[in-house]
Amino acid sequence: MAEQGLLESVFALVHALKREMQQQIDAMGLTITPMHVRVLKVISRREPCTANDVVMLLQRDKAQVTRLLKPLLEHGLLQKQANPEDKRSQFLQVTDAGAAIVERLQAIDAHMLAQLSQSVPAEDLAEFQRIARRMAEGLNAGAAAER
């Protein structure tokens, strides 16, 4: 029974984070989702970056990444550039408009983190991070074993 409570707590935390992120995105007047935000952040931190890099870093399938990239390209938040070493792939780059959004999102992230951790001591946060990382590793190892 305790395991069920743990799982519900994790789901509640994830849902609250996604809801808050979506509200912040909506307040910015953007028509993207938190997953689009993750894609923008990944590409902004990695140069050069290809769609395959996004697939690997976010552990999503190619079709899902393609669907995520499409509106970001259409809204002018990303651009493609030819890969001079591989004519079959293209580099993805965050445009100036995309970079401005990433910058605003970083401020939102900082605010959300402050809210999230305001009543939690630093050592508890460090312990939570350690435990959450181990839990994610356990899930990832289990998924890899099933393949």
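Averaging the Cα positions of each part gives two centres, and for the range 1-38 and the range 43-106 these lie 22 Å apart.
To the nearest ten degrees, helix 34-45 and the longest principal axis of the Cα atoms of the chain are 60 degrees apart.
To put it simply, the accessible area of the chain at a 1.4 Å probe is 55 percent carbon and sulfur.
For residue 78, the residues whose amide H sits under 5 Å from its own are 73, 95, ignoring neighbours fewer than 5 places away on the same chain, with H placed 1.01 Å from N. Positive-end ranking of 63, 28, 102 along the dipole of the range 14-112, with charges on Cβ about the Cα centre, is headed by 63.
With the convex hull of its Cα atoms as the shape, the range 1-118 has an orientation-averaged projected area of 8.8 nm².
Counting only DSSP H runs of at least 4 residues, each contributing -39500 (n - 2.57), and dividing by the residue count of the chain, the helix-based mean residue ellipticity at 222 nm comes to -24500 deg cm²/dmol. Around the amide H of residue 49, modelled in the peptide plane, lie the amide H atoms of 92, all under 5 Å away and 5 or more residues distant in sequence or on another chain. Computed with a 1.4 Å probe over protein heavy atoms only, the accessible surface of the chain comes to 71 Å² per residue. In a simple Cβ point-charge model (Lys, Arg +1; Asp, Glu -1; nothing else charged), the range 29-119 has a dipole of about 260 debye relative to its Cα centre. The HN-Hα couplings worked out from phi for the range 68-83 by the Karplus form 6.51 cos²θ - 1.76 cosθ + 1.60 (θ = phi - 60°) are 6, 6, 3, x, 5, 6, 5, 7, x, 8, 10, 9, 9, 9, 4, 8 Hz, whole numbers, x standing for Gly and Pro.
The values are calculated or read from the model by the stated rules, or taken from the named source; none is laboratory data. All of these numbers come straight from a predicted model, not from anything done at the bench. No Cβ is skipped: glycine too gets one built from the backbone with ideal geometry, and neighbour counts run over all protein chains shown. All accessible areas refer to the heavy atoms of the entire protein, side chains included, with ligands and DNA or RNA removed. Shrake-Rupley method; radii C 1.70, N 1.55, O 1.52, S 1.80 Å.
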